[in-house]
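Note sheet for the following structure.
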Amino acid sequence: MDAINKGVFDMMEIKVTLTDHPKAKPDENNLGFGHIFTDHMFLMDYTAGQGWHDPRIVPYGPIPMDPASSCFHYAQEIFEGMKAYRTAEGKIQFFRPGQNFKRLNTSCERLVVPKLDEELLMEGLRQLVTIDKDWVPSAPGTSLYIRPFVIANQEVLGVHPSTHYIYCVILSPSGAYYAGGIDPVRIYVETKYVRASRGGMGAYKTGGNYAASLIAQEEAEKQGYSQVLWLDGVERKYVEEVGSMNVFFKIDGEIVTPELDGSILPGITRKSVIQLLESWGMKVSERKLSIHELEQAARAGKLDEAWGTGTAAVISPIGELKCGDVTTVINENKIGPISQKLYDTLTDIQWGRIPDPFGWITPCC
């Protein structure tokens, strides 16, 4: 893997080609999530022996790919997800983008993808969003979802790290991730399929993890549930993630979230929630948590709240868990006070409605 030559990156010019056919802006009150894309995207190429090169902003459109490109056959690809927000004053700002780029490079290491210069990525993102700033919505609850990703595009059928890659960033104005908004969701506990295990890809943001989850998600939806609660891949009894989110429980006054043991994605919202809770003087434990312990706590009246955390939904309260024949209703299927406070505080910081005491916000334009 080629080392990063920061001096080269510092001298790189980001070339800009503006679209000749700007698209009509969407109705901000009917955005959905991940269906609409802006006028431009950021691209950069990697070539073995040359490193990352040719950073550019171009009109949004198809990326030509050879059918033999290795990402199609061996899934060597990674991605990230973050957001930009428009404040009441019309300014645009990011929430912890440096953490996303740091995690992107962690994923690069695991999938043997050459690392990228994080300062260049940040500058490219800032320029891209500035060009497409009119796409950043201002309606309540809306934001600009940002999807950076890397795909391997060497034209060869062979199981080895690619010698060519494409880095790309696309932008999508989005509304609430869940149609029900902040209302509690019903969760199906998966006991047959495994999402990830220690030593695998669970701690890294790569598409294979999500592909592995689709069959269980389909089964949950057939039974009327919104998401899947995943158990560990070895003993099949310890709680890991809920859908594509990290998960928290309030049990007998203690906030418990599964420890990062190599099979769980280290979420940026998860990290932010822990910092917030600790700043409020609450006890937070990162430890193993079995589904049996959860069910016992519920029967004893000690399971007060549960919620998922993630970039798209921010906070997603959990109102019901179904494991086999056992159905557990949490907090009378209502949002709890901690979930509500976390959601309000995080979104207020993200949209600039309250001061940011943690240094999480990065201005854009």
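The values are calculated or read from the model by the stated rules, or taken from the named source; none is laboratory data. In this text, all values refer to a predicted model and were calculated from it rather than measured experimentally. Cβ atoms come from the backbone with ideal geometry, glycine included; neighbour counts cover every protein chain shown. Side chains are part of the model used for accessible areas, which takes the heavy atoms of the whole protein and leaves out ligands, DNA and RNA. Shrake-Rupley method; radii C 1.70, N 1.55, O 1.52, S 1.80 Å.
Across region 106-123, the number of residues qualifying as open to solvent by 10 Å² or more (accessible area, probe 1.4 Å) and among the polar types (S, T, N, Q) comes to 1. Scanning region 203-236 for residues that are part of a loop (DSSP other than H, G, I, E, B) and under 24 Å from residue 184 (Cβ atoms) yields 223, 224, 225, 226.
When each of 200, 158 is tested for being of a type in the set (Gly, Ala, Ser) and in the same structural domain as residue 107 (by the TED database), the lone residue that passes is 158. When region 36-64 is filtered for residues that are hydroxyl-bearing (Ser, Thr, Tyr) and open to solvent by 50 Å² or more (accessible area, probe 1.4 Å), only 60 remains.
When region 71-105 is filtered for residues that are under 24 Å from residue 313 (Cα atoms), open to solvent by 30 Å² or more (accessible area, probe 1.4 Å) and small (Gly, Ala, Ser), the ones remaining, listed by number, are 88, 90, 98.
Residues in region 216-239 include none that are small (Gly, Ala, Ser), within 22 Å of the chain's Cα centre (by Cα), within 25 Å of residue 150 (Cα to Cα) and assigned by the TED database to the domain that holds residue 330.
Taking the listed residues 143, 172, the one that is open to solvent by less than 60 Å² (accessible area, probe 1.4 Å), closer than 21 Å to residue 59 by Cβ and in contact (Cβ under 8 Å) with a residue 24 or more places away in the chain is 172, with no other qualifying. Mind listing whichever residues of region 47-106 are in a strand (DSSP E or B) and over 30 Å from residue 133 (Cβ atoms)? Result: 47, 51, 69. Screening the candidates 170, 182, 146 for the property of being part of a loop (DSSP other than H, G, I, E, B), under 24 Å from residue 30 (Cβ atoms) and not charged (D, E, K, R) yields one hit, 182.
Are any residues in region 62-86 more than 20 Å from the chain's Cα centre (by Cα) and over 24 Å from residue 39 (Cα atoms), and if so, which ones?
Of everything in region 62-86, those that are more than 20 Å from the chain's Cα centre (by Cα) and over 24 Å from residue 39 (Cα atoms) turn out to be 66, 67, 68, 69, 70, 71, 72, 73, 74.
Considering region 210-227, and only residues there that are touching a residue at least 24 places away in the same chain (Cβ under 8 Å), out of contact with any Gly (no Cβ under 6 Å at 6 or more places or on another chain) and open to solvent by less than 60 Å² (accessible area, probe 1.4 Å), the residue that is nearest to residue 287 (Cα to Cα) turns out to be 213.
Pairing residues of region 66-81 that are in contact (Cβ under 8 Å) with a residue 40 or more places away in the chain with residues that are assigned to a helix (DSSP H, G or I), at Cβ distances under 6 Å and at least 6 apart in sequence or on separate chains, gives 75/208; 76/70; 77/71; 77/207; 78/107; 80/100; 80/104. Do the conditions hold for residue 341, that is, is it of a type in the set (D, E, K, R) and either out of contact with any strand residue (DSSP E or B) (no Cβ under 8 Å at 6 or more places or on another chain) or not assigned by the TED database to the domain that holds residue 252 (or both)? It is true that residue 341 is of a type in the set (D, E, K, R) and either out of contact with any strand residue (DSSP E or B) (no Cβ under 8 Å at 6 or more places or on another chain) or not assigned by the TED database to the domain that holds residue 252 (or both). Checking residue 200 against (1) open to solvent by 60 Å² or more (accessible area, probe 1.4 Å); (2) part of a loop (DSSP other than H, G, I, E, B); (3) in contact (Cβ under 8 Å) with a residue 12 or more places away in the chain, only one condition comes out false. Which one? Residue 200 satisfies all of (1) open to solvent by 60 Å² or more (accessible area, probe 1.4 Å); (2) part of a loop (DSSP other than H, G, I, E, B); (3) in contact (Cβ under 8 Å) with a residue 12 or more places away in the chain except (1).
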